[in-house]
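Take a look at the structure set out below.
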Amino acid sequence: MPKTVVLERKPLSISERTYLPQIATGLKTTFTNMFKPKVTLQYPEEKPRIPNNYRGVPTLVKDPNGREKCVSCQLCEFVCPPKAIRITPGSVPEDEEDRHHVEKAPEEFEINMLRCIYCGYCQEVCPEEAIFLQEEYSSSGYSREEMVNDKAKLYELGGTLPDQHYKWDKKKQAEDEGNSH
Amino acid sequence: MSTVDILFYFFALLALGGGMLMICSKHPVPAAMFMIVSLVGVAALFVLLEAFFLAVLQILVYAGAVMVLFLFIIMLLDVGPEGGKASRMKLISGFAGAFFTALLVVVFLIMVQSSGWINNGEGWSEISDTNEFTNGSNLIFSASVKSFGYGLLTKYMLPLQISGFLLLAAMVGVIVLSKKASEEGSN
Amino acid sequence: MIDFETIQVVAIKLTFAFLMVGAVMTMAGYSVLAERKVSAWMQGRVGPNRTVLPLVGSVPVIGRFLQGLGIFQPLADGLKFLFKEEIVPGHVNKLYYYLAPIVALVPALTTMTVLPFGEFTNADGNFVPLILADLDIGILFILAVSSLGVYGIVLAGWSSNSKYPFLGGIRSSAQMISYELAMGLSLLPVFLWVSEPGSSVSSLSLVEIVRAQNSSTWLLLIQPVSALIFLIALFAETNRLPFDMPESETDLVGGFHTEYGSFKFGIFFVAEYAHIVIGSAIFTLLFLGGWNFLPWLDNPWPSSWIGTLIGTVWFLTKTIGLIFFFIWIRWTLPRFRYDQVMNLGWTKLLPLALANLVFYILLVTWLDQSNFNLP
């Protein structure tokens, strides 16, 4: 073990005991600070720069063909720590011919933004890459009801993200070719 | 009745009323407040006599410093409202009050009797005898600071020194007393 | 009983009084703004720059500039204080609770009656000071009345009937007693220096002090120790950092005004800043030459009304500089601990002020005896 060295504190000199030179130094520091550039962001006019991996408001996204990706598996609802997500499962609408091989789709999808803690578990757990926490950071409303994002709102916020897999298309293609799994 | 008269009665009422309420209030903090009101009233009376220096000193020393100290002590010791158990004290203070009031009246009457102080104003000229006071210098007797200073450092030098010495003795006494108490407390 | 001339005099005095109160209150309001702005600049921020009046704001360049400076902010702040809900806690002593802000504000505004801010030469060639009441004991009057301001704080602390305001009140009274002595003692050498032996005027008047500094040096350069002690005591008397013991928001929540809200708090706030404005003005008059130009220089402006105006503006400039210094100190220094405040007041400042007084007594006597001409 290294030997403990006790450092004796030097007694204050007379000028130090008057506080005055130290006060002068401090005054100099604050005075020079007055002329340094300001760091304030004039918020509503200037927006902050959002980094790529930012976790903002959770949103639902569509694939590049404009199709709903969520299959209403309810994994996100299950994993959500504050129980902010509520999904009403339903079937794929009749008019969407090319999605009939997908079994389910959400009839209603609600995220209560008063409960959401922006943890990102829903994005992590989603097998369809349908839910993303995007760069939207400002959500406000006048009532509690207004703060619950419904399906339409979620798709409006989410928009379309590029898809690398087209998982269901591949599956349908494989099925059509007769070698499923 | 001129404006000065009205002001005099107003401030006299303020001073007396303040003093009365000070004695009558149960809680020490309002008592101190009423005492300040009374002191300010007296200071205003000095102003009406054009003795500005005295008025300012009255406020500076009594209202500004002494009463702040009183309030500080009252608050520090957290003195509550006076209880009803001090009936014997009440009797004693009643006697003392009556005695001193009687004494005041007697002394005042004697003064009025002997010098005709109020009636013809001879007393005033005696007090403010210019020649004796200024010792032949070119200062005019007035209520200004210079006049006060000159008087205090020439004619009234001895009383000034004595009162200063008395205050010093009181101060040393307080230091000795408080020192002793704190040593006993720590042991 | 009351003739026309009396009414005229009273009316003129009243007008001047209202003007003076208006000027000081405006300066107090803008000191609040200055505090916010300067603190922001010192911390790399911008400060209030949003409030704007509808018409003025639409003036092309100036409107934007004024908005950026936050010129309209005090208006908004004042309105906010007026329109807030009046909340009176149930546990307070009502009478004293309402009385305290008034008691805090009145002395702050009363001291300005003996505050000169310029002078002009009348038709007879006499110098007439611009002042509400030229008392020959002006400085004593200021000391006396400003010492009454502490009652506002003590009363607020006591009547709030709550522990933190109470502690604030106690601290305030102790601090006031400690620093008033040093303040008074630091002023004695100044008056000793200014009043020449044999002169017939008694020179406890602020006007005389300023005249003594006309085309000679400022008293700051002759008596730096007095100026320093007076400045420190001034900080303590105005409850400014590093001596804001009664308020100290970190350890006493808000001190004496913890239980106060809305307009009553606003009055405390204004009183504090009015104290700062008047304190700065007094320091300027005593040590920075008042409305006189720089040390050892004659006033470069003519002695007509233009000169009076320039002199007054020059005095105000110095005062505003000192207000800036108050703010600057506040955003630089941390707060003293309570025992450090007491220690500094009684064992450092008071002996120093006494030694300073004795030194100048000896010096003045020596100069007097050896027949030097005083500078």
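Quick note: the coordinates plus some simple rules give every number you see, no bench work behind them. These numbers come from a predicted model, not from an experiment. Ideal geometry is used to build each Cβ from the backbone, glycine not excepted, and the neighbour counts take in all protein chains shown.
Can you give the net charge of the other residues whose Cβ lies under 12 Å from the Cβ of C:R45, counting K and R as +1 and D and E as -1? Could the numbers behind the result be given before it?
Numbers: positive: A:K36, A:K38, C:R36, C:K37; negative: none.
Charge balance in the 12 Å sphere: +4.
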Problem set entry | Å³ per residue enclosed by the Cα convex hull of chain C | 184
For this session: Determine the dipole magnitude for chain A: charges of +1 sit on the beta-carbon of Lys and Arg, -1 on that of Asp and Glu, nothing else is charged, the reference point is the Cα centre, and the result goes in debye to the nearest 20.
Result: 2060
Seminar exercise, completed: Set A:K38/C:K318; C:K318/C:K348; A:K69/A:K171; B:K26/C:K163; C:K94/C:K163; A:K62/A:K83, cut-off 19 Å on Cα-Cα distance; pairs above it are A:K38/C:K318; C:K318/C:K348; B:K26/C:K163; A:K62/A:K83
Exercise. Once a ≥ b ≥ c are taken as the square roots of the eigenvalues of the Cα gyration tensor of region C:1-118, is the result rounded (a/c under 1.5), prolate (a/b larger than b/c) or oblate (a/b not larger than b/c)?
Worked result: oblate
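With each run of n ≥ 4 DSSP H residues scored as -39500 (n - 2.57), what mean residue ellipticity at 222 nm is computed for the protein assembly as shown after dividing by its residue count and rounding to the nearest 500 deg cm²/dmol?
-18500 deg cm²/dmol
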Problem set entry | Shape call, region C:312-375: gyration tensor on alpha carbons, a/c limit 1.5 | oblate
Problem set entry | For B:27-33, mean number of other protein chain Cβ atoms within 10 Å | 3
For this session: Would you give the gap between the C-alpha center of region C:300-370 and the C-alpha center of region A:107-153, rounded to a whole Å?
Result: 62
Exercise. So in chain A, what percent of DSSP beta bridges are antiparallel if you round to the nearest 5?
Worked result: 95
Seminar exercise, completed: Result row for chain C, helices from DSSP H with C-alpha axial extent 27 Å or more and mean Kyte hydropathy at least 0.0, is C:4-42, C:163-194, C:262-287, C:305-330, C:350-369
For this session: Mind sorting B:C24, A:C126 by how few other Cβ atoms lie within 10 Å of their own Cβ, fewest first?
Result: B:C24, A:C126
For this session: Could you size up the charge dipole of the protein assembly as shown around its Cα centre, putting +1 on the beta carbon of Lys and Arg and -1 on that of Asp and Glu, and report it in debye to the nearest 20?
Result: 1780
For this session: Go through C:Y151, C:W193, C:A212 and say which Cα lies farthest out towards the positive end of the charge dipole of chain C; charges sit on Cβ, +1 for Lys and Arg, -1 for Asp and Glu.
Result: C:Y151
Exercise. Where the centroid of each part is defined by its Cα atoms, how far is region B:1-66 from region A:17-92 in Å?
Worked result: 63
Seminar exercise, completed: For region C:331-344, in residue order, the Karplus 3J(HN,Hα) values (coefficients 6.51, -1.76, 1.60; θ = phi - 60°; whole Hz; Gly and Pro = x) are 8, 10, 9, x, 7, 6, 6, 4, 5, 5, 4, 5, 4, 4
Problem set entry | Residues C:T258, C:T217, sorted so that the one with the fewest Cβ neighbours within 10 Å comes first | C:T217, C:T258
Seminar exercise, completed: In terms of the charge dipole of the protein assembly as shown, which places +1 on Lys and Arg and -1 on Asp and Glu at the beta carbon, the residue among A:H101, C:F283, A:G120 farthest towards the positive end is C:F283
Exercise. Which order do C:L181, C:L252 fall in if you start with the one that has the fewest other Cβ atoms within 10 Å?
Worked result: C:L181, C:L252
Exercise. Is the shape of region C:226-371 best called rounded, prolate or oblate, per the rule: a/c under 1.5 gives rounded, else a/b larger than b/c gives prolate, else oblate, with a ≥ b ≥ c the square roots of the Cα gyration tensor eigenvalues?
Worked result: oblate
Exercise. What relative contact order, as a whole-number percentage, does region A:58-176 give when Cα pairs under 8 Å and 6 or more residues apart are counted?
Worked result: 36
Problem set entry | Lys/Arg +1, Asp/Glu -1 at C-beta; the protein assembly as shown dipole; positive extreme among C:F120, A:M1, A:P44 | A:M1
Exercise. In the Gaussian network model of chain C, springs joining C-alpha atoms below 10 Å, which of C:P116, C:P302, C:P129 carries the largest mean-square fluctuation?
Worked result: C:P302
Problem set entry | Angle in degrees between helix A:20-33 and the longest Cα principal axis of chain A, rounded to the nearest 10 | 30
For this session: Sum up the charges of everything whose Cβ sits under 12 Å from the Cβ of A:Q42, counting Lys and Arg as +1 and Asp and Glu as -1, but leave A:Q42 out.
Result: +2
